[in-house]
Amino acid sequence: MKSEDHTHVASDVPVSCPYPLGASVTPEGTNFSIFSASAEGMQLVLFDHPDAPRPAQTITLDPVRNRTSHYWHTFLPGIKCGQLYGYRADGPCDPAAGQRFDREKVLLDPYGKSVSIGENYSRGAACKPGDNAAASMKSVVADLSLFGWEGDRPIHRLFRDTVIYEMHVGGLTRHPSSGVVDAHRGTYLGVIDKIPYLRDLGVTALELLPVYQFDATDAPPGLVNYWGYDPISFFAPHLAYGTNKNDPLGCLDEFRTMVKALHRAGIEVILDVVYNHTAEGDEHGPTLCFRGLENNFYYILGRDKATYANFTGVGNTLKANHSVVKRLILDSLRYWVSEMHVDGFRFDLASIFSRSESGQPVLNAPIVWEIDSDPVLAGTKLIAEAWDSGGLYQVGSFGQDKWKEWNGVYRDDVRSFLKGDADTAWKVHQRIIGSPDIYKTGRPTGESINFITCHDGFTLNDLVSYNSKHNENNRNENRDGTDSNVSWNCGAEGPSTNLDVERLRVQQIKNFFVLNLLSVGTPMLLMGDEVRRTQLGNNNAYCLDSDVSWFDWSLCKSNAGILRFVKQMIRIRLHFDQGTEGNPIALEDYLRNAHIEWHGITLGQPDWGRDSHSVAVTLHNHALSQVRYIAINASWKLLDFELPPMDDKKSSGWLRMVDTSLSSPFDVAEVGSGIRVDGYRYQVNPRSIIMLHTAGNTS
């Protein structure tokens, strides 16, 4: 291997251990351990600066004294927190045999808890032959025991009491209108500054787009990887979300400070995690970590072994059911729960977990069951995006009943119904009651994560403002992003000054929120939808770290009516009934023992026909105080719905709680209150939804 100044042989240092993996700090120094079964030599390289052109010290590991089975390890006295380090692994460079060792490349520690990135970091330097020491990411020795949690623990809130808010850490506060101090904009601490807003909104969990260290330079020229679905370290928080890019240990503390503050506010933290691929890309990509340590173990390779199976659409696919990768994933999950106190995970392209080491779909994949049954993860929320880019689609059948699933069918069917498509009434009825037609294998209700929009696709404002994607800013001639948006611009493409178009858009936005927040399952809202955040028709803004993607906080004022509506609808979901003793009853607790009766415009006569655009339902829990009646009119006609008669002597009539056709503040009432409705019928305006409740016990 290449020799450096200050080179030492590790056999001169005290006895080391193969476990735990990574860099483990003790009072005497630090133990280093890394896995590589095929390496013929290993060097640990220490740096004084992230841009240093060469290591300050190189420790060559003795293959006899410093190797136990497949683990290379050494103990260095006096090495403390903050030390920058990496590895150089020597071995066969034979792509046809699946091996891609490069003795000149500085590699990250797969178990490193912190990462340092200098000004000279270059993805290109890791793609071509030659020494990349000055241009490499470096791992950082960290001591996790130094943080004061002050008794903090994950919250373990039930899914039925959960409202998820999908959010980008940087995008929440990077906009100049955010009002946070400049040092906190786009950071973990910036999230803390917005906790009062999040609490007032009423969401109970944040689902954070990827916060594991990713390669932000993996993007079209002149752009950045904004979303972060490009991981290179499964243990280190993303450095760019810290307030000081030169203080990776400070970033580690700031992430934990954010988690602790959110927990104190009663808000859970769910991480969007990417265990399906890495930033190393295809055979032309960079050697940053895994490829240079054990390429054939970490990745599913093509038949020729010189290429990579691409079930993810981004160049490579992790071999999740290989014992080494499986252990890496489980260790990472346990770490984020036990050491970082997160409450759950949303697994990007989770169907990769259901592929064998050769890439074939398998039943009862080991990694899925081991995550499901792991005791450290026992109280952790597990959410699967149950599909991959290779065509494997498992919505309704992923994992055991502990797993919840992003329900893409819910998204599409609700969009289609409110758009006015034919043959959608029965489908939307199924989505509202928890998609039993999908989850029909004996699994309990509530498995569905219900969403209309997410980071990937149109925002809710754009869903009702554009018929087609407008991704020109991505510099790919508008070829990227899906063409299947199931969107409707309400009569004009893009921003409009037409009052009728704007009124209809606002009405449709409220309709989407009503259905999402009143459906069985767990609702998920996209950051900024509550104030009509727009991406100007871009449905794939993964590379736009700009005001196109950021939360514009001035929208809270200009769209205050919709913001109020969303707040009230969340409160209605979580306080669906006041209960017999005044204790709030959430929607799914109410429904557990409720009598449900479906209607059309005529009582007891639901219309599931191809041309039907109306659905109505009565909900009556006899043990609780109030009956609910909901009517949906997705047609262009005013429809006259027959109301159920009052059969409870304590009830004196109906109160209107929601009517999306009305302007704010008349569109939604405070929980437990409402406007009296006279008569036995209610005229539901075109493209609107109403909800009534009985007038008795309206405290």
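The values are calculated or read from the model by the stated rules, or taken from the named source; none is laboratory data. Everything quoted here is computed from the prediction, not taken from an experiment. Cβ: placed from backbone, ideal geometry, glycine included. Neighbour counts: every protein chain shown.
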Scanning the stretch 592-607 for residues that are among the aliphatic types (A, V, I, L, M) and either free of Cβ contacts under 8 Å to residues at least 60 places away in the same chain or not assigned by TED's automatic domain parsing to the domain that holds Lys637 (or both) gives Ala594, Ile601, Leu603
Yes or no: the stretch 474-490 includes at least one residue that is touching a residue at least 24 places away in the same chain (Cβ under 8 Å), surrounded by 16 or more Cβ atoms within 10 Å (Cβ to Cβ) and in a helix (DSSP H, G or I). yes
Tell me which strands (runs of 3 or more DSSP E) are completely within the stretch 584-691 and hold 3 or more residues being crowded, with 18+ Cβ neighbours inside 10 Å and over 32 Å from the mean Cα position of the chain (by Cα), or say none if there are none. 614-620, 627-633, 654-659
If Thr317 satisfies every condition in (1) within 25 Å of Cys543 (Cβ to Cβ); (2) buried (at least 23 other Cβ atoms within 10 Å of the Cβ); (3) assigned by TED's automatic domain parsing to the domain that holds Val342 but one, which is the exception? (3)
Here is a list: Asp547, Asp529. Which entry is in contact (Cβ under 8 Å) with a residue 40 or more places away in the chain, surrounded by fewer than 19 Cβ atoms within 10 Å (Cβ to Cβ) and not assigned by TED's automatic domain parsing to the domain that holds Val668? Asp547
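Can you find even one residue in the stretch 376-383 that is over 30 Å from Ser612 (Cα atoms), assigned to a helix (DSSP H, G or I) and at pLDDT 95 or above?
Scanning the stretch 376-383 turns up at least one residue that is over 30 Å from Ser612 (Cα atoms), assigned to a helix (DSSP H, G or I) and at pLDDT 95 or above.
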Considering only residues that are buried (at least 22 other Cβ atoms within 10 Å of the Cβ) and not aliphatic (A, V, I, L, M), which ones fall in the stretch 416-450? Phe417, Thr424, Arg431, Gly434, Ser435, Glu447, Ser448, Asn450
Can you find, within the stretch 327-336, the residue that is farthest from Tyr299 (Cα to Cα) among those that are surrounded by fewer than 20 Cβ atoms within 10 Å (Cβ to Cβ) and touching a helix residue (DSSP H, G or I) at 6+ places or on another chain (Cβ under 7 Å)? Arg334
In this structure, is Phe398 buried (at least 21 other Cβ atoms within 10 Å of the Cβ), under 18 Å from the mean Cα position of the chain (by Cα) and part of a helix (DSSP H, G or I)? no
